[in-house]
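Contents: one structure, followed by commentary.
The values are calculated or read from the model by the stated rules, or taken from the named source; none is laboratory data. The model shown is predicted, which means the values in this text are computed figures rather than measured ones. Every residue, glycine as well, gets a Cβ built from its backbone with ideal geometry; the counts of neighbours run over all protein chains shown.
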Amino acid sequence: MVQLIGQKCSLRTFTPSDAKALAKLLGDNKLYWSTYEPLHREEFYTEEAQYKKILESLHLLQSNREFSFGVFHNDTGQLIGHISLYSIKRLPYSSGFIGYSMDQGFIGRGIVTEAVHLVMEFAFLTINIHRIEAYVAPQNKASIRVLEKSGFTREGLLRELLFINGKWVDHYMYAILQRDFKNV
């Protein structure tokens, strides 16, 4: 298990015992999040499906290919979001992607920015990757703010990258290098 502690939130890699709370978080926010990510079949939002996804993420964690963290509120211990460092590639790339979602009741409090910073610190200083990338829809102004506040640079537009809820959606490519993180 990997645990990262911030002032507002703590991140911990998911364990099978988190399946129920994760299913509830996903179900409670599915319509809110559907603006920027696809809606899934109903079975995706079940405890059983999330249990299987957690087991898969633990397998990937063992090979340092993915770190799927729950975002827990420091005051209450409640699961309020999730954030992942995934698709980790070793040399010659030495890179990975970051992706995150926050419960709609906790948006605008700086928690996502802190979670992103904790994952960046882990990625650059503990597992020593060179580059972190992120995709974000141009309409997702809040996520763009998080990435830019965190030191990410917009590198380009990926046309019709993802098929989300019936249409192809462009996404910006953002990235930060290890040396840039040291200057943030």
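Taking the condition of being of a type outside the set (Val, Ile, Thr) and within 13 Å of residue 175 (Cβ to Cβ), how many residues in the stretch 88-103 meet it? Residues meeting the conditions: 5. Annotation note: Cβ proximity below 6 Å between a residue of the stretch 135-153 that is more than 13 Å from residue 108 (Cα to Cα) and a residue that is surrounded by fewer than 14 Cβ atoms within 10 Å (Cβ to Cβ) (sequence gap 6+ or interchain) occurs for 151/184.
Exactly one residue out of 111, 107 is more than 23 Å from residue 88 (Cα to Cα) and touching a residue at least 40 places away in the same chain (Cβ under 8 Å), and it is 111. One residue stands out in the stretch 76-106 among those that are of a type in the set (A, V, I, L, M) and within 15 Å of residue 26 (Cα to Cα): the one that is surrounded by the fewest Cβ atoms within 10 Å (Cβ to Cβ), namely 79. Just the residues that are out of contact with any strand residue (DSSP E or B) (no Cβ under 6 Å at 6 or more places or on another chain) and either outside any loop (DSSP other than H, G, I, E, B) or touching a residue at least 40 places away in the same chain (Cβ under 8 Å) (or both), please, taken from the stretch 158-172. Selection gives 163, 164, 165, 167. Of everything in the stretch 61-73, what is surrounded by 15 or more Cβ atoms within 10 Å (Cβ to Cβ) and not aliphatic (A, V, I, L, M)? Give them in sequence order. Within the stretch 61-73, 65, 66, 67, 68, 69, 70, 72, 73 meet the criteria. Tallying residues that are under 17 Å from the mean Cα position of the chain (by Cα) and either among the aromatic types (Phe, Trp, Tyr) or surrounded by 13 or more Cβ atoms within 10 Å (Cβ to Cβ) (or both) within the stretch 40-57 yields 4.
Among residues belonging to the stretch 143-154 that are under 14 Å from the mean Cα position of the chain (by Cα) and in a helix (DSSP H, G or I), point out the one that is nearest to residue 35 (Cα to Cα). Checking each candidate, the answer is 143. Would you point out which residue out of 182, 141 is charged (D, E, K, R) and closer than 30 Å to residue 41 by Cβ? Being charged (D, E, K, R) and closer than 30 Å to residue 41 by Cβ holds for just one of 182, 141, which is 141. Restricting attention to the stretch 121-135, the residues that are in a helix (DSSP H, G or I), surrounded by fewer than 22 Cβ atoms within 10 Å (Cβ to Cβ) and among the aliphatic types (A, V, I, L, M) add up to 1. Summed over the stretch 167-184, the residues that are crowded, with 18+ Cβ neighbours inside 10 Å, touching a helix residue (DSSP H, G or I) at 6+ places or on another chain (Cβ under 9 Å) and at pLDDT 95 or above give a count of 3.
Filtering the stretch 10-25 to residues that are within 24 Å of residue 123 (Cβ to Cβ), of a type outside the set (D, E, K, R) and surrounded by 15 or more Cβ atoms within 10 Å (Cβ to Cβ) leaves 10, 11, 13, 14, 22, 25. Within the stretch 129-184, the only residue that satisfies the criterion of being touching a Leu at 6+ places or on another chain (Cβ under 8 Å) and among the polar types (S, T, N, Q) is 165.
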